[in-house]
Each structure stands twice: as structure tokens, then as C-alpha cells.
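The values are calculated or read from the model by the stated rules, or taken from the named source; none is laboratory data. This structure is a prediction, so every number in the text was calculated from the model and none was measured. Ideal geometry is used to build each Cβ from the backbone, glycine not excepted, and the neighbour counts take in all protein chains shown.
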């Protein structure tokens, strides 16, 4: 028995079908994901990870803005930030950086507007995440 092919009928599923566009993400901090992480590794560990993310991410934006040179270095920065943001529940930032990363992979570049959007999403995350964890000073 031969079954009809459904490949032509069904649209391909890509990340766009699974992950909402960055501008569709309302909240900066996925508190449900953070709560699950707290349950898995404990509040003290989540607090440590989030504070480390904040300390390491703060200088990343000016570094990315200054990287006009080798696209592989900028792509590495974006990829690292994308993963780190996703790991700590910074969903809006992860969405913005994910879109930037995809653009960089096809030869695009980073703009001042990209940096501004990332900084705004990061600041919003820091403002929201303090409801879940105790933040240290951003200076260190």
C-alpha cells in the first residue's frame, strides 16, 4: 500500500514556528522557567547564576558594539549571549539576540539599534528578576 506524501501539504517547521519573535515577547524575565530552575538547583544556586550572568553581560554590549571587525568574533559573542540569556530566563533578550545571531550567520551586521534593544531587554530583565532572586550590585 502506498501512502500519499504529506511533505508538500505541510509547511516546513523551523524555529520561527516554535520560538516567538523577540517583539512578541511581553515579559523580560521568564519567572516560570526560573521557578523550575529554583526547584532543580535551589534558590542560592539560581541567585549565583543570575548574578554571574548580570556581571558578565554588562560589559558584553559595548564589546559587541565595538566589534566591527571579524564577524566570527561577533557571532561568537551573540551565540554566547543567546545561550546565557536563555539559561537564566531572560527571554526577551534571548529572542533579540537569537534574531541577531541568525542575521549574523548570513552575513548581516550589528547596529546601534540592535545594541539599544539588547540593553533595554537586559535592563528590563534585571528589573524583573529581582522579584525572584537577590541581586548583587551591578558594579560587582
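Name the one entry in 101, 128 that is under 17 Å from residue 61 (Cα atoms) and surrounded by 16 or more Cβ atoms within 10 Å (Cβ to Cβ). Spell out the reasoning first.
Values: 128 fails: under 17 Å from residue 61 (Cα atoms).
Being under 17 Å from residue 61 (Cα atoms) and surrounded by 16 or more Cβ atoms within 10 Å (Cβ to Cβ) holds for just one of 101, 128, which is 101.
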* Structure fact -> The residue from 52, 93, 74 that alone is over 21 Å from residue 28 (Cβ atoms) and in a helix (DSSP H, G or I) is 74
* So which residues in the range 24-49 are loosely packed, with under 15 Cβ neighbours inside 10 Å, at pLDDT 90 or above and not in a helix (DSSP H, G or I)? -> 42
* To do: Could you list all residues from the range 67-84 that are at pLDDT below 85, more than 12 Å from residue 103 (Cα to Cα) and surrounded by 15 or more Cβ atoms within 10 Å (Cβ to Cβ)?
  => 67
* Asked: Filter the range 103-118 for residues that are free of Cβ contacts under 8 Å to residues at least 12 places away in the same chain, over 12 Å from residue 64 (Cβ atoms) and in a helix (DSSP H, G or I); which is farthest from the chain's Cα centre (by Cα)?
  -> 113
